[in-house]
1. So what is the accessible area of the chain per residue, in Å², with the probe set to 1.4 Å?
2. Give, in nm to one decimal, the length gained when the segment between F37 and D161 is fully stretched (0.36 nm per residue of separation minus the Cα-Cα distance).
3. What does the extension gain come out to for I139 and R100, with contour length at 0.36 nm per residue minus their alpha carbon separation?
4. For the stretch 155-246, what's the radius of gyration and Dmax over Cα atoms, in angstrom?
5. Going down the table (K78/K198; K32/K214; K21/K92; K49/K183), which pairs top 25 Å between alpha carbons?
6. Can you give the local net charge around A101? Use residues other than it whose beta-carbon is closer than 12 angstrom to its beta-carbon, Lys and Arg +1, Asp and Glu -1.
7. Considering only protein heavy atoms and a probe of 1.4 Å, how much of the accessible area of the chain is carbon and sulfur, as a whole percent?
8. Which of the peptides 82-93, 189-200 is most tightly packed, and how do the rest follow, judged by the mean count of other Cβ atoms within 10 Å per residue?
Amino acid sequence: MENTIDNLRFIWTLDNSVGFKVIYFIEKVIGKFFHSFRIIKEDYILNAKDFSWLIKARSDMDYIARPNYEKELIPYFKCDGVFIDIGAHMGKWTLFMSKRASEVYSFEPNPSTYGYLKSNLLINNTTNVHAVQSAVSDINGTVRFSPDPVDTGASMMADGDIEVPCTTLDSFTENIPHIGLIKIDAQEQEIRILNGAKKTLEKTDRVICEISNKTEVEKQGLFDYMALFRFSSTQLPTKIDYLFYK
């Protein structure tokens with residue numbers, strides 16, 4: 001794991017360092033015009049409204065931690081019981097749901113990003129979250145992927161240079177009797193994830209799924225597949241996210 005709670009004392013804290021605030025402000029202003037511009041080379045802590053975050057330096061992680069990021073989705077994150085977060089990244093929705101669900105299972109395959117996820121869970125003293133360093137798909141075994149060094153949420157499952165474990169939801173949830181909500185944000189892998197979740201979908205109330213770069217025919221195929229498990233669907237305000245509900 002690249003980052004753990006043990007090394008936080010060596011990391012900048014945005015709220016408590018005047019010098020770092022100035023550097024941070026300069027980077028953000030210039031970064032508006034030159035996206036690849038970076039000054040900050042060390043990880044830092046960003047305290048937002050509800051949670052504290054360990055942010056990866058030289059990345060775009062911090063915008064995800066902002067309270068207004070995807071705030072239009074908040075009303076749809078309702079859960080009676082267990083919440084499963086597929087593509088948890090640094091833990092935005094995992095932490096949000098840790099205060100609302102009975103238990104949270106949080107999947108993040110990227111070893112580097114998984115380190116930030118684990119650190120953020122420790123920083124915020126979560127007790128009901130189970131972080132899993134694994135991809136989710138329609139096979140059990142291993143998969144390879146190619147991480148993006150800056151956009152840590154853009155890793156693509158392909159013949160990349162990093163190999164990680166992979167599980168199906170049906171294998172993982174075998175002993176979980178009921179699931180309130182599943183969130184899927186997995187870089188166009190949603191079809192394969194859902195194909196490996198037939199038994200899981202039977203005992204799930206709601207699914208929030210990001211669907212991007214899909215043709216209308218591909219989208220309709222997904223809607224038809226979910227209808228087999230008695231799910232209706234509606235497009236959410238982000239336009240690329242859909243809620244499937246029973």
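The values are calculated or read from the model by the stated rules, or taken from the named source; none is laboratory data. From a predicted model like this one, the values you see are computed outputs, not experimental measurements. As a convention, Cβ positions derive from the backbone with ideal geometry for all residues, glycine included, and neighbour counts pool all protein chains shown. Surface accessibility is based on the protein's heavy atoms, side chains included, excluding ligands, DNA and RNA. Shrake-Rupley method; radii C 1.70, N 1.55, O 1.52, S 1.80 Å.
1. Roughly 49 Å² per residue, with all protein chains present.
2. Working: separation 124, 0.36 × 124 = 44.64 nm, distance 2.61 nm.
Stretched out fully, the F37 to D161 stretch lengthens by 42.0 nm.
3. So the chain would gain 11.0 nm between I139 and R100.
4. So, for the stretch 155-246, Rg and Dmax equal 13.5, 40 Å respectively.
5. Values: K78/K198 22 Å; K32/K214 29 Å; K21/K92 23 Å; K49/K183 22 Å.
Beyond 25 Å: K32/K214.
6. Net local charge, A101 excluded: +1.
7. The computed percentage sits at 53.
8. By packing density, highest mean first, the sequence is 82-93, 189-200.
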